[in-house]
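Colleague: Handing you a structure now.
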Amino acid sequence: MHESLLSRRAGGRATLHCMADAATVATDAAQRAALVGALRRVLPPDALLHRTEDLKPYECDGLFCYRQLPLAVVLPRTADEAAAVLRVCDELSVPVVARGAGTGLSGGALPVAGGVVLGLARLDRVIEVDAADRCARVEPGVTNLAISRAAAPHGLFYAPDPSSQIACTIGGNVAENAGGLHCIKYGLTTHNLLKLDVLTIDGERLTLGADALDAAGYDLLALMTGSEGLLGVVVEATVKLVPKPERVRVLLAAFASVDAAAAAVASVIAAGIVPAGLEMMDNPSIRAVEAYVQCGYPVDAEAVLLCELDGIDEEVADDSARVEAILAAAGATAIRLADAAAERTALWSGRKAAFPALGRMAPDYYCIDGSIPRGRLPDVLRGIAELSREFGLPVANVFHAGDGNLHPIILYDSGAPGEQQRTEHLGTAILALCVESGGSVTGEHGVGIEKLDAMCVQFDAPEIETFHAIKRAFYPDGLLNPGKAIPTLRRCAEFGRMHVHRGQLPFPHLERF
Ligand SMILES: Cc1cc2nc3c(=O)[nH]c(=O)nc-3n(C[C@H](O)[C@H](O)[C@H](O)COP(=O)(O)OP(=O)(O)OC[C@H]3O[C@@H](n4cnc5c(N)ncnc54)[C@H](O)[C@@H]3O)c2cc1C
């Protein structure tokens with residue numbers, strides 16, 4: 001499976017062939033001048049960047065290995081300015097890529113050559129916290145953490161909490177349907193939204209959802225969530241807030257094998273307990289983290305589980321006793337309890353610092369994001385270990401175990417001949433394993449440009465064509481974030497990974513390479 005991907009990805013990185021279906025691109029000097037002139041007429045001078053040195057910071061997101069300078073970057077302060085930019089781009093047929101904080105890990109905010117990056121970070125007001133209705137109205141550039149900070153005086157918080165929450169924006173969270181430590185109990189971004197205001201490419205403002213819990217018509221709010229900036233630009237979000245729990249306890253359990261820890265996760269879920277967080281780290285991650293933040297993890301353990309329980313006093317005490325019994329029965333060699341806020345923060349600090357900690361262990365790391373049914377954890381982790389040996393590259397695992405959302409982290413050296421390529425093969429082999437195990441090629445980081453080929457592994461041609469049809473229903477011109485999230489059928493055919501359904505090769509008229 002991964003051999004065919006190898007040749008595809010190897011040839012693709014430098015030229016960004018994934019943009020093959022991009023809309024018409026304005027490349028010549030006259031078009032550039034026309035665009036910059038038109039944008040100048042609708043924006044204050046400090047909201048428009050077009051010199052190469054000013055564009056550089058926007059050439060990539062968290063997936064650094066893909067870079068592309070845009071023609072211009074615009075940084076509006078209001079939704080009206082953003083709408084005016086979209087109207088200009090629509091008129092001139094210039095592609096637009098929305099951008100929040102640029103922390104995305106799948107290349108979603110990577111600029112399109114000849115296109116405009118629409119940075120939303122200056123729209124950063126918390127407009128209102130409504131304690132009575134337990135919701136907040138916020139602009140798209142507000143950081144995830146800032147919402148909880150604004151809600152804290154009311155005893156409330158915004159539950160989805162990506163590890164990047166200090167920097168990432170709610171607009172980016174909506175576009176990626178972001179998850180986090182607490183999503184096992186409180187749901188992903190999509191479960192915590194009431195209403196969105198989005199701009200269409202022609203600058204119209206649509207309101208999707210309602211202040212009430214349900215809205216009439218098709219569920220366009222759900223469709224917009226996770227649409228990776230392809231269907232509209234979020235300019236306002238009304239998010240749900242939840243009461244801060246009366247009591248919180250964190251359990252740290254050490255295990256002598258990854259298998260035992262993975263089986264313990266399945267047992268906790270099967271017992272009907274709903275933890276507020278259930279995370280797992282293997283030995284390489286534990287050692288990296290302990291060396292980095294010294295948070296007291298047992299470095300000799302092959303794996304640790306971090307389990308957070310929250311609720312009223314009695315509920316936490318009862319669940320805690322049950323979880324402890326399950327972990328012990330599953331072979332935990334040690335269990336630590338943390339009740340005080342400082343102790344809990346210390347335990348979570350290790351988990352939250354895992355990516356930078358692992359970043360110190362090798363010149364480069366590549367974070368994979370796949371999801372699987374939770375019951376398959378032991379098998380899939382064994383499979384990942386086998387693939388790691390087969391490819392000769394170390395893989396550390398630190399992930400949202402309770403959600404079945406894996407983040408295998410491949411440690412490598414992009415300077416070593418062939419290692420970047422081998423890393424990408426290994427990443428795709430891991431995602432293919434997730435799909436074979438009944439899971440998906442992304443749990444929370446999105447498809448962007450990174451997983452376009454993997455989408456061909458997961459979806460049949462009719463499904464991919466349905467995705468395209470939805471995109472066309474919004475904008476036939478496809479000027480919003482073109483080339484991202486949904487592969488073309490031709491790409492899948494070329495890649496040779498299109499599913500053969502009931503013996504029928506889809507789109508037989510397409511040339512195969
Ligand atoms: C250290 C680290 C840890 C991370 N941990 C997690 C984690 O635990 N869980 C998780 O889910 N993710 C995680 N991420 C990934 C990333 O932070 C999330 O995907 C986040 O939602 C991206 O937000 P952003 O504001 O940076 O968006 P960007 O990267 O700027 O954009 C992401 C996508 O959203 C689109 N977009 C941005 N703003 C808008 C808008 N207003 N309207 C329409 N489309 C828009 C962009 O076009 C792009 O497709 C992590 C990243 C890092 C670097």
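Colleague: Could you say which residue among S440, S414 is within 16 Å of the ligand (Cβ to nearest atom) and either free of Cβ contacts under 8 Å to residues at least 60 places away in the same chain or surrounded by fewer than 23 Cβ atoms within 10 Å (Cβ to Cβ) (or both)?
Modeller: Values: S414 fails: within 16 Å of the ligand (Cβ to nearest atom).
Of the residues listed, the single one that is within 16 Å of the ligand (Cβ to nearest atom) and either free of Cβ contacts under 8 Å to residues at least 60 places away in the same chain or surrounded by fewer than 23 Cβ atoms within 10 Å (Cβ to Cβ) (or both) is S440.
Colleague: Which one of these does G226 not meet: (1) under 30 Å from C89 (Cβ atoms); (2) open to solvent by 20 Å² or more (accessible area, probe 1.4 Å); (3) out of contact with any Ser or Thr (no Cβ under 8 Å at 6 or more places or on another chain); (4) of a type outside the set (A, V, I, L, M, F, W, C)?
Modeller: Result: G226 passes all but (3).
Colleague: Within 21 Å of V248 (Cα to Cα) and open to solvent by less than 60 Å² (accessible area, probe 1.4 Å): which single residue out of L377, L327, L358 fits that description?
Modeller: Values: L377 fails: within 21 Å of V248 (Cα to Cα); L358 fails: within 21 Å of V248 (Cα to Cα).
Within the list L377, L327, L358, the selection yields L327.
Colleague: Now a separate question. If I go through the stretch 123-163 residue by residue, how many of them are closer than 10 Å to T238 by Cα, surrounded by 20 or more Cβ atoms within 10 Å (Cβ to Cβ) and charged (D, E, K, R)?
Modeller: Of the residues in the stretch 123-163, 1 are closer than 10 Å to T238 by Cα, surrounded by 20 or more Cβ atoms within 10 Å (Cβ to Cβ) and charged (D, E, K, R).
Colleague: Which one of these does A329 not meet: (1) over 22 Å from D403 (Cβ atoms); (2) touching a Gly at 6+ places or on another chain (Cβ under 9 Å); (3) among the small types (G, A, S)?
Modeller: (2)
Colleague: Can you report the number of residues in the stretch 362-379 which are without any contact (Cβ under 8 Å) to a residue 60 or more places away in the chain and under 21 Å from the mean Cα position of the chain (by Cα)? If you could, list the steps in order and put the result at the bottom.
Modeller: From the stretch 362-379, those without any contact (Cβ under 8 Å) to a residue 60 or more places away in the chain are 362-365, 379; that's our starting set.
Adding the requirement that they be under 21 Å from the mean Cα position of the chain (by Cα) leaves 364-365.
Of the residues in that region, 2 qualify.
Colleague: Cβ-Cβ below 6 Å, separation at least six or inter-chain, first residue in the stretch 161-180 and under 8 Å from T103 (Cβ atoms), second outside any strand (DSSP E or B) and more than 6 Å from the ligand (Cβ to nearest atom): which pairs?
Modeller: Hits for this filter: C168/N144.
Colleague: Test each condition in (1) in a loop (DSSP other than H, G, I, E, B); (2) within 16 Å of the ligand (Cβ to nearest atom); (3) of a type outside the set (K, R) for V174 and report the one that comes out false.
Modeller: In the conditions (1) in a loop (DSSP other than H, G, I, E, B); (2) within 16 Å of the ligand (Cβ to nearest atom); (3) of a type outside the set (K, R), V174 misses (1) alone.
Colleague: Related question: If you scan the stretch 234-285, which residues turn out to be under 12 Å from V323 (Cα atoms), open to solvent by 40 Å² or more (accessible area, probe 1.4 Å) and either among the hydroxyl-bearing types (S, T, Y) or within 16 Å of the ligand (Cβ to nearest atom) (or both)?
Modeller: Listed by number, the list holds a single entry, S267.
Colleague: Can you pull out the residues in the stretch 448-474 that are more than 25 Å from P378 (Cα to Cα), open to solvent by less than 20 Å² (accessible area, probe 1.4 Å) and either touching a Cys at 6+ places or on another chain (Cβ under 6 Å) or within 16 Å of the ligand (Cβ to nearest atom) (or both)?
Modeller: G448, I449, E450, L452, C456
Colleague: Here are V235, V268: which of them is of a type outside the set (D, E), under 30 Å from A152 (Cβ atoms) and not in a helix (DSSP H, G or I)?
Modeller: Exactly one of V235, V268 is of a type outside the set (D, E), under 30 Å from A152 (Cβ atoms) and not in a helix (DSSP H, G or I), namely V235.
Colleague: Any idea which of (1) surrounded by fewer than 15 Cβ atoms within 10 Å (Cβ to Cβ); (2) within 16 Å of the ligand (Cβ to nearest atom); (3) of a type outside the set (A, V, I, L, M, F, W, C) is the one Y366 doesn't satisfy?
Modeller: Only one criterion in (1) surrounded by fewer than 15 Cβ atoms within 10 Å (Cβ to Cβ); (2) within 16 Å of the ligand (Cβ to nearest atom); (3) of a type outside the set (A, V, I, L, M, F, W, C) is unmet by Y366, namely (1).
Colleague: Applying the selection to the stretch 297-320, what residues are among the hydrophobic types (A, V, I, L, M, F, W, C) and either under 19 Å from E343 (Cα atoms) or surrounded by 17 or more Cβ atoms within 10 Å (Cβ to Cβ) (or both)?
Modeller: V299, A301, A303, V304, L305, L306, C307, L309, V316, A317
Colleague: Using the structure shown, decide if E302 is charged (D, E, K, R) and assigned by TED's automatic domain parsing to the domain that holds N144. I'd like the intermediate steps shown before the answer.
Modeller: Details: charged (D, E, K, R): yes; assigned by TED's automatic domain parsing to the domain that holds N144: no.
Taking the combined requirement at face value, the residue does not satisfy it.
Colleague: Could I ask something else about it? Given (1) at pLDDT 90 or above; (2) of a type in the set (G, A, S); (3) in contact with a Ser or Thr (Cβ under 6 Å, 6 or more places away or on another chain), identify the lone condition not met by A416.
Modeller: Here A416 clears every test but (3).
Colleague: What do you reckon, is N192 in the same structural domain as V235 (by TED's automatic domain parsing), under 25 Å from M280 (Cβ atoms) and near the ligand (Cβ under 9 Å from one of its atoms)?
Modeller: On the way: in the same structural domain as V235 (by TED's automatic domain parsing): yes; under 25 Å from M280 (Cβ atoms): yes; near the ligand (Cβ under 9 Å from one of its atoms): no.
No: the conditions fail for N192.
Colleague: Does G107 count as more than 22 Å from the chain's Cα centre (by Cα) and either modelled with pLDDT of 95 or more or not assigned by TED's automatic domain parsing to the domain that holds L71 (or both)? Can you show your working first?
Modeller: Values: more than 22 Å from the chain's Cα centre (by Cα): no; either modelled with pLDDT of 95 or more or not assigned by TED's automatic domain parsing to the domain that holds L71 (or both): yes.
When the stated conditions are applied, G107 does not pass them.
The values are calculated or read from the model by the stated rules, or taken from the named source; none is laboratory data. Everything quoted here is computed from the prediction, not taken from an experiment. Note that we place each Cβ from the backbone using ideal geometry, even for glycine, and neighbour counts take in every protein chain shown. All accessible areas refer to the heavy atoms of the entire protein, side chains included, with ligands and DNA or RNA removed. Shrake-Rupley method; radii C 1.70, N 1.55, O 1.52, S 1.80 Å.
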